[in-house]
1. Is it fair to say residue 48 is under 29 Å from the mean Cα position of the chain (by Cα), surrounded by 14 or more Cβ atoms within 10 Å (Cβ to Cβ) and either at pLDDT below 95 or assigned to a helix (DSSP H, G or I) (or both)?
2. Could you tell me whether any residue of region 33-41 is at pLDDT 85 or above, surrounded by 15 or more Cβ atoms within 10 Å (Cβ to Cβ) and in a helix (DSSP H, G or I)?
3. Please determine, by comparing only the residues of region 252-265 that are modelled with pLDDT of 90 or more and part of a loop (DSSP other than H, G, I, E, B), which one is farthest from residue 299 (Cα to Cα).
4. Filter region 215-236 down to residues that are assigned to a helix (DSSP H, G or I) and either out of contact with any helix residue (DSSP H, G or I) (no Cβ under 9 Å at 6 or more places or on another chain) or surrounded by fewer than 13 Cβ atoms within 10 Å (Cβ to Cβ) (or both), then give me how many there are.
5. Among the residues in region 150-171, are any exposed (fewer than 15 other Cβ atoms within 10 Å of the Cβ), modelled with pLDDT under 95 and either assigned by TED's automatic domain parsing to the domain that holds residue 70 or at negative phi (or both)?
6. For residue 84, only one of the following conditions fails: (1) crowded, with 16+ Cβ neighbours inside 10 Å; (2) in a helix (DSSP H, G or I). What is its number?
């Protein structure tokens, strides 16, 4: 049976490892009680402050993003409604022969059918709104009749009101992405620091046997991955909002190559001989990636349910 150290695989696990080491360091009654060198202690104080600030920035950015999403929902609905109503009036006029079918080309639409523009995402919705305004101005300049319901003035007001609110979603998502990127840039330093901390912990307890070192190490935030008796990790994959069972979710234990896929009932099973600190990652098109750190005992089956969150189209 093999046992190896394993660096944290997620932001939550990383912060837990750092906080555990710092709590031990700060709790030392005398300098002699501190397991860490002065240099490593100083790095820990500096890096943990920066890393916690980075995580706080991500949390704050997500809060702004979700608020922007909520504010944009009614604006999207209203804007789509007015655009569809406008083009319904255009199509009706085509049926009445007061507007030629070729007029649809002013709006970037096919002239051989009555389909509405693509408005599935915020980007395509705003593009459709902008093209409606420029296209209608060009059509009127070409001698076309004005649309009465809704009027171009009414729809212009809706577009002007909705556009900045909808764009705020994309802008907020950019802030989230930037915050995550900045935190990732700290990873090399953080991982190196954690290695130094763990090396110094092991050196401090070097006269103890390997098992005792691991026991002390775990108390101080060290993580291990071990090979033991095969057993099952299983669970259900569901949608967070609807609770619907999700099939075809791709699941794997990070860093160890064990993979599975959820079936039609949302169930998955991974047979593994690994235990100790494990990380499960799940991916499904249209959903945010799911990551969960957990502790598994040797040879004991474990249920780990996966709750997926749909991505927000921006």
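The values are calculated or read from the model by the stated rules, or taken from the named source; none is laboratory data. Every value quoted in this text rests on a predicted model; they were computed, and no experiment measured them. Methodologically, a virtual Cβ is constructed for each residue, glycine included, from the backbone with ideal geometry; neighbour enumeration extends over all protein chains shown.
1. Against the criterion (under 29 Å from the mean Cα position of the chain (by Cα), surrounded by 14 or more Cβ atoms within 10 Å (Cβ to Cβ) and either at pLDDT below 95 or assigned to a helix (DSSP H, G or I) (or both)), residue 48 qualifies.
2. Checking region 33-41: at least one residue is at pLDDT 85 or above, surrounded by 15 or more Cβ atoms within 10 Å (Cβ to Cβ) and in a helix (DSSP H, G or I).
3. Going through the qualifying residues, I end up with 264.
4. Within region 215-236, residues that are assigned to a helix (DSSP H, G or I) and either out of contact with any helix residue (DSSP H, G or I) (no Cβ under 9 Å at 6 or more places or on another chain) or surrounded by fewer than 13 Cβ atoms within 10 Å (Cβ to Cβ) (or both) number 3.
5. no
6. (1)
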